[in-house]
Amino acid sequence: MEYLVESASYNLSRMLFGGPAGTLGKVVSTHNYEVTVDDARNFTEGMILDLYSSSGSRAYTNIIVTSVDRDTNVIVVNQTLSSVEGYSFFVVGARGYELSGLSTVFDGDNVYGNLRLNTAWLTPYKKTVETLTENEIQMALDHVEEKSGGRVNFIICTWGVRRALMNLLAKKGVPIETIEIEDGYKALSYNGIPVVVDRFCPKGTMYLLNSDDFILYQLCDWQWLEDENGKVLKQIPGKAIFAATIVKYADLMCIRPCGQAKLEGITEE
C-alpha cells in the first residue's frame, strides 16, 4: 500500500504538466538495453511502460525501467528495442487516460473539447523569451490581470529558471525574500508570489498561474472496485496471489485559461 500511494503521488505530480495523452518521452536512439530519450525527467526506476509508434500502434508493452540517467537522458530497460526511433513511451495502459494538465491549457488548438481559435477566454498568455527580465515577468502578470480580472498567485519553474530569477534580483539589488506557503514550507517570493520548483516542469519554462482557477472534478474519491459479491480481493487464476484495483475517475480543469501565463525558452543558470 505504501508503494501504491507513493506511485500515485509521483504520477499525479508528473501529470500536472502534461495532457490526456500522457506522453513520457520520445526515443532518440537505442543500444542494447539502453534507450536515449528526448527528456528523461518523467521516467523513474520501476516504471512499467508501453511504447507506441507515431501512427498510434503499440509496438512493445510491459517494458520495465531499471535505471535512469537524467544528465544524459538515457534510460535502461529490461528488453531490447529495435527500429523505434521517434516512438513514444507511456505508462502501461495509461495512453489517453491521464489528467488534463498544463499542456492542455497552453498547447494545441483544442482545450477541453473546444476549439481555441481566437477566443480570448480560452487563450492564455504565452511568450518565448531567451533572457529572463523583470519586465517580461511584469508583462505576463499585467496581461493576466488586464484580460481575466484575476491575479497570479503561484509561480512554478525549474531549478535553473529559479536560479536565473535569483541572479536577476541580486543584480538589481533586490532583497531575496521567502514566503511560507503550506505546512511550513518556504518558497522564494517574487512580489509576494511564491515561486516553487517542480522536477517535472519543462526546461526553460516558468508558469505564472492563478491556482484558484484550477479545479479537480471527480465522480468519487479513491475507492476499491468490488465484484458482484462485494469482494475487493480477487485471486489470480492458477496462482496463490490476490489482487485488488483502486480507482478514481477525475480530471483537472482550468475554468479561466486566459488567467494563466507561461514564459518559455528561458536560458537556465
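Give me the number: length gained by fully extending Ser83 to Ile236, i.e. 0.36 nm times residue separation minus the C-alpha to C-alpha distance, one decimal in nm.
Fully extending the segment from Ser83 to Ile236 adds 51.6 nm.
For a test of the definition: using alpha carbon positions, the gyration tensor, and the 1.5 limit on a/c, classify the range 169-269 as rounded, prolate or oblate.
Cα axes put the range 169-269 in the prolate bin.
Between Lys126 and Ala244, 0.36 nm times their residue separation minus their Cα-Cα distance comes to what?
Additional length available on full extension: 38.2 nm.
Using 7 Å Cα-to-Cβ label points, what is the Asp227/Glu269 separation (nm, one decimal)?
Here the modelled spin labels are 6.2 nm apart.
Could you check how many percent of all C-alpha pairs in the range 1-111 are farther apart than 17 Å? All intermediate terms of the calculation are to be shown ahead of the outcome.
Values: 3238 of 6105 pairs.
That tail contains 53 percent of the Cα-Cα pairs.
Please give me the summed charge of the neighbours of Val74: other residues whose Cβ is under 12 Å from its Cβ, Lys and Arg +1, Asp and Glu -1.
Numbers: positive: Arg70; negative: Glu34, Asp38, Asp39, Asp69, Asp71.
That works out to -4.
Tell me whether the range 75-179 comes out rounded, prolate or oblate; compute the Cα gyration tensor, take square roots of the eigenvalues as a ≥ b ≥ c, and use a/c under 1.5 as the rounded threshold.
Taking the square roots of the gyration eigenvalues as a ≥ b ≥ c, the range 75-179 is oblate.
Counting Lys +1, Arg +1, Asp -1, Glu -1, what net charge surrounds Leu219 among other residues with beta carbon under 14 Å of its beta carbon?
-1
Between Glu134 and Arg70, take the C-beta separation as r, use R0 = 51 Å, and let me know the FRET efficiency to the nearest 0.05.
Here the calculated transfer efficiency is 0.95.
Measure off 7 Å from each Cα along the Cα-to-Cβ vector at Val197 and Ala170, then give the distance between these two points in nanometres to one decimal.
1.3 nm
Quick one: net charge of Met253's neighbours, Cβ under 14 Å, K/R +1, D/E -1?
-3
Among (1) -0.93, -1.16, -1.22; (2) -0.88, -1.34, -1.42; (3) -0.71, -1.26, -1.40, only one was calculated for this model; which label is it, if the read-out is log10 I(q)/I(0) by the Debye sum over Cα atoms at q = 0.12, 0.16, 0.17 Å⁻¹?
Here the calculated entry is (2).
How many angstrom lie between the Cα centre of the range 113-169 and the Cα centre of the range 179-249?
Cα centres, the range 113-169 to the range 179-249: 25 Å.
Compute the distance in nm between two label points, each set 7 Å from the Cα along the Cα-to-Cβ direction, one at Thr119 and one at Asp107.
Taking the simple label geometry, Thr119 and Asp107 are separated by 2.1 nm.
By a straight-distance test (C-alpha under 29 Å), which lysines pair with Lys248 as possible cross-link partners, with residues fewer than eight away in the same chain excluded?
Straight-distance partners of Lys248: Lys26, Lys231, Lys234, Lys239.
May I ask which residue of Leu132, Trp224, Ile75 lies farthest towards the positive end of the charge dipole of the chain, with charges of +1 (Lys, Arg) and -1 (Asp, Glu) on Cβ and the Cα centre as origin?
Ile75
What is the packing order of peptides 43-52, 248-257, taking the mean over residues of other C-beta atoms within 10 Å and listing the highest first?
43-52, 248-257
For n ≥ 4 DSSP H runs only, could you compute -39500 (n - 2.57) per run for the chain, divide by its residues and tell me the 222 nm figure to the nearest 500?
So the calculated ellipticity at 222 nm is -5500 deg cm²/dmol.
With a Förster radius of 30 Å, plug the Cβ-Cβ distance of Thr178 and Leu216 into 1/(1 + (r/R0)^6) and report the FRET value to the nearest 0.05.
Working: r = 28 Å, r/R0 = 0.93.
The formula returns an efficiency of 0.60 here.
Bear in mind that the values in this text are calculations on the coordinates, not laboratory data. Treat the numbers as computed from the prediction; the structure is a model and nothing was measured. Ideal geometry is used to build each Cβ from the backbone, glycine not excepted, and the neighbour counts take in all protein chains shown.
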